[in-house]
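Below is one structure; the comments refer to it alone.
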Ligand code: RIB
Ligand code: CA
């Protein structure tokens with residue numbers, strides 16, 4: 001049976017690759033909706049970017065609705081990441097303006113409606129940006145929780161952060177939303193920097209993507225070959241968000257353990273830190289499966305194989 005999913009996203013180049021991988025996996029994933037949130041760039045731009053990426057997939061993708069969501073975190077002012085992803089959030093993709101429109105209605109209402117309407121086996125929520133939309137949905141309509149099969153999120157860090165020394169970007173931007181999600185009681189898979197920084201495509205793999213001869217391949221190649229800003233700790237572009245879709249498709253390529261995870265909501269230098277009790281020292285009930293490793297070469301090879309199915 002296909003897994004029903006909603007991708008909540010702040011495109012961002014790695015979000016774009018994750019979305020394209022999901023569109024290329026409709027035999028396994030029933031992509032019910034794309035919901036956008038402010039993160040890498042403001043929500044108007046993340047929404048336009050989600051539409052630009054969907055347009056790449058042609059008629060096949062057009063049936064997946066895109067809903068615009070929260071314009072900023074629950075409490076803190078919005079912080080964006082143009083210094084990483086470029087002014088429009090998709091530097092290198094060289095995509096035209098959207099040829100389609102977002103579906104009317106707020107993303108949070110769409111998440112609630114889709115969960116409420118889903119059959120008992122539920123919907124998997126795949127947040128790839130700040131967790132604002134999910135937190136609002138949980139607070140507005142806690143009745144949807146039994147219909148949330150699992151939450152597979154990109155966020156957090158076992159080690160150093162990337163937005164601050166303490167915090168990964170998605171959790172840093174909206175730690176209050178993260179605290180609500182980590183406390184929601186549903187099965188959570190946390191795909192954080194501890195594993196996503198292992199997912200950097202080799203030059204050979206990037207060349208193979210460019211050689212696909214497709215619009216999607218050209219866009220991804222452009223994004224992965226643009227110069228990466230300094231000070232981010234890697235010369236290659238980590239495929240943070242595709243690891244979420246990769247986990248859904250090929251969990252056997254990943255490993256980790258159940259841990260208690262807590263998000264720091266203070267305003268000090270630890271804001272957005274995910275404290276991961278990797279050794280169970282706090283004796284707190286685990287609330288997330290924390291992914292710590294990936295077979296990166298196999299992930300990219302399988303991803304490239306799926307991307308060949310896109311126009
Ligand atoms: O820290 C990396 C995460 O923040 C990725 O999801 C990236 O797209 C940004 O949202
Ligand atoms: Ca993202």
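Data table
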quantity: Of residues in the range 225-243 being assigned to a loop (DSSP other than H, G, I, E, B) and buried (at least 20 other Cβ atoms within 10 Å of the Cβ), the one nearest to ligand 2 (Cβ to nearest atom); calculated: 241
quantity: Filter pass, residue 121 being modelled with pLDDT under 95 and more than 16 Å from ligand 1 (Cβ to nearest atom); calculated: yes
quantity: Some residue of the range 204-215 being within 16 Å of ligand 1 (Cβ to nearest atom), crowded, with 23+ Cβ neighbours inside 10 Å and modelled with pLDDT of 95 or more; calculated: no
quantity: Any chance residue 33 is in contact with a helix residue (DSSP H, G or I) (Cβ under 6 Å, 6 or more places away or on another chain) and more than 14 Å from ligand 2 (Cβ to nearest atom); calculated: yes
quantity: Candidate set: the range 260-285, residues that are free of Cβ contacts under 8 Å to residues at least 60 places away in the same chain and within 22 Å of the chain's Cα centre (by Cα); chosen: the one surrounded by the most Cβ atoms within 10 Å (Cβ to Cβ); calculated: 260
quantity: Criterion (surrounded by 21 or more Cβ atoms within 10 Å (Cβ to Cβ) and assigned to a strand (DSSP E or B)) met by exactly one of 256, 246; calculated: 256
quantity: Test for residue 222: is it at positive phi, outside any strand (DSSP E or B) and over 15 Å from the mean Cα position of the chain (by Cα); calculated: no
quantity: Number of the condition not met by residue 125 [criteria: (1) surrounded by 18 or more Cβ atoms within 10 Å (Cβ to Cβ); (2) in a loop (DSSP other than H, G, I, E, B); (3) in contact with a strand residue (DSSP E or B) (Cβ under 7 Å, 6 or more places away or on another chain)]; calculated: (2)
quantity: Matching residues, the range 208-227, being touching a residue at least 12 places away in the same chain (Cβ under 8 Å) and more than 16 Å from residue 309 (Cβ to Cβ); calculated: 210, 221, 222, 223, 224, 225, 226
quantity: Tabulated pairs, the range 38-55, first under 17 Å from residue 108 (Cα atoms), second away from ligand 1 (no atom under 16 Å from the Cβ), C-beta under 7 angstrom, 6+ apart or interchain; calculated: 43/68; 47/66; 47/68; 47/102; 50/66
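One line per residue, one yes/no per condition, for (1) modelled with pLDDT under 95; (2) in contact with a helix residue (DSSP H, G or I) (Cβ under 7 Å, 6 or more places away or on another chain); (3) assigned to a strand (DSSP E or B); (4) closer than 22 Å to residue 150 by Cβ:
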{"site": "252", "(1), (2), (3), (4)": "no, no, no, yes"}
{"site": "267", "(1), (2), (3), (4)": "no, no, no, no"}
{"site": "272", "(1), (2), (3), (4)": "no, yes, no, no"}
{"site": "275", "(1), (2), (3), (4)": "no, no, yes, yes"}
{"site": "283", "(1), (2), (3), (4)": "no, no, no, no"}
{"site": "286", "(1), (2), (3), (4)": "no, no, no, yes"}
{"site": "291", "(1), (2), (3), (4)": "no, yes, yes, yes"}
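Matching residues to (1) touching a residue at least 40 places away in the same chain (Cβ under 8 Å); (2) within 19 Å of residue 36 (Cβ to Cβ); (3) outside any strand (DSSP E or B):
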| residue | (1), (2), (3) |
| --- | --- |
| 138 | yes, yes, yes |
| 159 | no, no, yes |
| 167 | yes, no, yes |
| 186 | yes, no, yes |
| 190 | yes, no, no |
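The values are calculated or read from the model by the stated rules, or taken from the named source; none is laboratory data. Keep in mind it's a predicted model, so treat the numbers as computed, not measured. No Cβ is skipped: glycine too gets one built from the backbone with ideal geometry, and neighbour counts run over all protein chains shown.
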